[in-house]
Amino acid sequence: MASHSFSASPPVAPSTSSCPSPVHVYVAGVGDVGAALLRQIDARGDAGRDLHVIGACTSRRAAWGAPNRDPEAPLAGVDEAAPPDWPAIVDRLAQETPRPLVFVDATGSPDVADYYEPLLRAGVHVVTPSKLANTRSQAAFDRLREAAAEAGVQYRYETTVGAGLPVVQTVRNLVATGDRVRSIRGVVSGTLTFLFSALRDGSSFSEAVRAAVDRGYAEPDVRDDLSGTDVARKFLILARTAGYAVEPTEVQVESLVPDSLADAPYEAFLDRLSTVDPYWRERSAAAAAESAVLQKLF
């Protein structure tokens, strides 16, 4: 992981106005998640004055000030050929931007996740639906929590598990009030649940995977679901939030990705997935012969 160092700016003097200072928000990633957040802030109208969007970026464009909230259009006033300069963006957020400040990472980029720790240490709250930062080494996860605690800011990742249900916060509250979480069971992959239901209903493996992708159930690369990587990350996050020290290598999963297609370009992977349909028909038939069904266990 890259190392970065930024110093926090002096604290902003408290406002003498009766109105509280607005929360400044920077949104990294204006795809489905980031764009939905910006629309929600817009929809609040006058009630949304307590949230002030100071900037946003995509992988190709970056803007300061109120960005164009239309996810289909370029960010306002930005040349299409101007990708985000992350060291400069983080330096500005860490040193020049008024507080309170929330950095929202909806990119799913490991490079952006590298900046969480310096942002937290600079007094910036970090909120993310990305699982990447939390599923590196245990030491890296501990540093993020320590950085937030030492700076007195929040590091929030509720939507990494449970599709936004308060699963992470529930586990956090149990630990904070003295309970010890001994086991967690649940269906944490909508993609795999859909996949095996479709197989039981007679779909081929490739048809079921395609349907999950087309319906928006899957990760951007469905191999993250099929390999068990997404499930492993979710349980790793839950275990660490519950207070257990667990390394990624300790989480064992059975991959459903054919070895021959593991490194194929994504579209080629989807196009050639039908080559394993006979194998899955045989597995389904063998299970049916024993009055059983195929099911992913969590």
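The values are calculated or read from the model by the stated rules, or taken from the named source; none is laboratory data. Quick caveat, the model's predicted, so the values are computed rather than measured. FYI the Cβ positions are ideal-geometry reconstructions off the backbone, even for glycines, and counts take in every protein chain you see. We work out accessible area using only protein heavy atoms, side chains counted, and drop any ligands, DNA or RNA first. Shrake-Rupley method; radii C 1.70, N 1.55, O 1.52, S 1.80 Å.
Here are the numbers:
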read-out: Calculated log₁₀ intensity ratio I(q)/I(0) where the Debye formula runs over C-alpha points of the stretch 132-235, q = 0.13, 0.19 Å⁻¹; value: -0.61, -1.04
read-out: Cα point-scatterer Debye curve for the stretch 236-298, base-10 log of I(q)/I(0) at q = 0.12, 0.30 Å⁻¹; value: -0.54, -1.22
read-out: Length gained when the stretch A43-V293 is fully extended (0.36 nm per residue, less Cα-Cα span); value: 85.4 nm
read-out: Packing-based ranking, highest mean first, of 254-264, 54-64, 136-146 given that Cβ atoms within 10 Å are counted; value: 54-64, 136-146, 254-264
read-out: Sorted largest first, extent of the chain alpha carbons per principal axis (Å); value: 75, 50, 37
read-out: Folded to 0 to 90 degrees: helix 138-151 orientation relative to the chain principal axis, Cα; value: 30 degrees
read-out: Rh (Kirkwood; distinct C-alpha pairs) - the stretch 144-298, Å; value: 17.5 Å
read-out: Projected label distance in nm at E96 and S260, using a 7 Å step from Cα toward the beta-carbon; value: 5.5 nm
read-out: Paramagnetic reach from R172 (point 7 Å along Cα→Cβ, amide N under 11 Å) across the stretch 204-242; value: 241
read-out: Packing rank of 157-164, 213-220, 282-289, where each peptide gets the mean count of other beta carbons within 10 Å, highest leading; value: 157-164, 213-220, 282-289
read-out: The chain, accessible area per residue, ligands and nucleic acids excluded (1.4 Å, Å²); value: 53 Å²
read-out: Accessible area of the chain belonging to carbon and sulfur atoms, whole % at 1.4 Å probe; value: 52 percent
